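Novice: Sharing a structure here in structure tokens format.
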Amino acid sequence: MTARESADCTSTLDIRWYDRRIQRLNDQYKEMRDMRLYIFKSEATKDLRAFAGDVAGAKLPENHAPWTVTGVVAAETAPPHNLSRQTIEQAIGAEGFQLWRLKDAEA
């Protein structure tokens, strides 16, 4: 194999890798864009709430369990209390949940 053929082969592999990476990112974006946010209330810790990406809340921290689902935010709807949907979705993608507390007046 000549140096030119080797370079062409490497370029093709690089392009395929980037194509696959772009497809994965697009899939993740679509999944996040279509994500429902499930709202949970901690029964152990007063005023503690959480968002999760699944109705079971499988990744919620056990040290604040039990958790009770209290609502759902549709994919095209803004979360309550003017919370950032983007921040919530990023936390769910990274950790599986996003914790938040109610202010005293809201509890």
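Every read-out reported here was derived from the displayed coordinates using simple, explicitly stated rules and does not represent laboratory data. These figures come from a predicted structure and were not determined experimentally. Cβ coordinates were reconstructed from backbone atoms using ideal geometry, including for glycine residues, and neighbour counts include every protein chain displayed.
Novice: Hey, fewest Cβ within 10 Å first, where do E89, E95 land in order? Show your work: numbers first, answer last.
Specialist: Numbers: E89 19, E95 13.
Fewest-to-most ranking of E89, E95: E95, E89.
Novice: While we're looking at this one, here's another question. Under 5 Å between amide H atoms, partner at least 5 residues away or on a different chain: which partners does R101 have, H built in plane at 1.01 Å?
Specialist: Amide H neighbours of R101: R49.
Novice: Give a residue-ordered list of calculated ³J(HN,Hα) values for the range 45-61 (Karplus: 6.51 cos²θ - 1.76 cosθ + 1.60, θ = phi - 60°; whole Hz; x for Gly, Pro).
Specialist: 10, 4, 6, 8, 10, 8, 9, 9, x, 9, 5, 7, x, 4, 9, 5, x
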